[in-house]
Amino acid sequence: MKAQIVNIGMNHETAPVELRECIAADPESTRRVLGALRDLSCVREGLFLSTCNRIEVLFTSDKVAEAKKEILKLMSGLGGTRIETLAGCFYSLEGLDAVRHIFRVASSLDSMVVGEPQILGQIKEAYQRATQQKTSGVIVNRLMHRAFHVAKRVRTETGICASAVSISYAAVELAKKIFRSLEEKQVLLIGAGEMAELAARHLVNNGISSMIVANRTFERAVVVAGRFHAKPVSFDEIGRELFEVDIVICSTASPEHVITFEQVKKSLRKRRSRPLFFIDIAVPRDVEPRVNNLANVYVYDIDDLKGVIALNVEQRKREAIRAERIVQEEVLKFGQWLNTLSVVPTIVALQEKADAIIQAELKKSNSLLEHLNARQKEAVEVLARSIAEKVLNDPILFLKGRAERAAADTYLDVARRLFNLDRNHGVKYGPESDDQ
């Protein structure tokens with residue numbers, strides 16, 4: 001029985017966060033799972049993916065039922081949770097359904113936010129760890145490289161990743177639209193919470209020249225600034241920083257305005273008509289609304305961004321239809337490749353037998369070839385190999401072309417009998433009796 005591709009997992013739709021985090025909480029979980037997969041006799045290859053929104057084990061096995069039980073037991077031990085509790089939250093996919101699933105995950109079609117870019121990087125990291133731990137093999141290697149290819153096609157052939165659908169991401173996308181490029185721009189980030197950190201990550205990824213982080217608690221500003229090679233400042237220094245920066249992103253929990261009309265008006269005298277953009281993603285708002293009335297000052301608040309996001313969500317849904325077509329096309333191609341695996345051993349056996357015959361005949365003819373020099377002997381061997389390859393070419397093409405047919409096993413059996421491939425007592429050729 002050939003190995004089956006299987007995916008067992010849970011995600012944001014099938015399991016609550018408190019259950020997912022039980023398994024993902026241990027920083028050593030990946031190493032432990034891969035080590036266990038390597039030791040399980042019922043698992044041939046495996047990969048473990050653990051993110052904030054999903055826990056998945058992708059593996060191949062020719063004893064699927066046994067492997068599933070072992071992996072559920074492994075997940076139960078990892079999370080300190082009863083198997084009965086986990087079983088209802090896990091989904092299980094096999095064959096091309098498992099292939100389709102990993103292609104959709106890599107393409108961010110199965111994410112909480114469709115089109116978010118982080119998941120592909122997380123899958124690549126999971127695959128890298130699997131290769132380092134030597135748990136991947138021919139099938140998983142091929143599958144993951146095709147998943148990366150599918151994700152690239154979806155990203156380049158559709159607009160599913162083009163539109164921002166999170167507040168922090170939308171804020172940075174808006175800044176890019178305002179300036180076309182952020183590479184020479186200076187940014188002041190006010191606030192050091194989760195949304196501010198996400199915005200900072202997007203800003204750094206888009207190549208800003210410098211970033212300043214201000215927070216009411218200076219120690220927190222230092223921590224966040226350190227993560228992004230930025231400059232930390234106190235709230236008292238915000239007014240001075242407004243003289244130089246191009247973009248201000250505000251994301252605090254302050255009940256009062258952090259940026260006031262008078263503060264910005266004062267800064268304009270030293271800016272010499274250079275435009276200043278405020279992107280206020282705080283609720284309540286950090287920027288006093290009157291600031292938008294000042295010349296060369298532009299303020300966008302969270303409602304402006306939400307309107308953009310609502311339109312973008314609908315756009316992504318339309319693009320997702322095109323992306324699903326790409327996924328299905330690639331699943332069919334992968335299925336064709338999987339089917340060819342069944343003929344590989346027979347093709348290899350054919351080639352090995354031909355090579356053994358060539359070596360045996362050359363050895364037998366050694367006395368006849370003694371008078372030839374090294375170059376002439378090499379020419380004789382090349383000729384022999386060329387003849388063998390041409391003789392085998394049609395049978396090999398025939399087997400490959402019938403790999404997907406229902407009668408493929410019959411063709412393989414006939415080929416192995418015709419070429420006597422299942423003898424294990426050395427090279428034998430010539431007349432044989434029918435019952436051998």
Asp301 passes all but one of the listed conditions (1) over 17 Å from Phe179 (Cβ atoms); (2) loosely packed, with under 15 Cβ neighbours inside 10 Å; the exception is number (2)
Please return the ranges of helices (runs of 4 or more DSSP H) entirely within region 22-92 where 3 or more residues are in the same structural domain as Leu143 (by TED's automatic domain parsing) and closer than 14 Å to Thr135 by Cβ. 29-39, 64-79
Strands (runs of 3 or more DSSP E) enclosed by region 193-285 - at least 3 residues per element that are in contact with a Lys or Arg (Cβ under 9 Å, 6 or more places away or on another chain) and crowded, with 21+ Cβ neighbours inside 10 Å: 210-214
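Taking the conditions exactly as written (farther than 30 Å from Val154 by Cβ, modelled with pLDDT of 90 or more and out of contact with any Cys (no Cβ under 8 Å at 6 or more places or on another chain)), does Val297 satisfy them or not? Step through it out loud before you land on a result.
Details: farther than 30 Å from Val154 by Cβ: yes; modelled with pLDDT of 90 or more: yes; out of contact with any Cys (no Cβ under 8 Å at 6 or more places or on another chain): yes.
Yes; evaluated as a whole, the condition is true for this residue.
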Verdict on Pro345 being surrounded by fewer than 19 Cβ atoms within 10 Å (Cβ to Cβ), of a type outside the set (D, E, K, R) and over 27 Å from Lys177 (Cα atoms): yes
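The values are calculated or read from the model by the stated rules, or taken from the named source; none is laboratory data. Only a predicted model underlies this, so the values are computations on that prediction, with no experimental measurement involved. In this analysis, Cβ positions are derived from the backbone assuming ideal geometry, glycine residues included, and neighbour counts consider all displayed protein chains.
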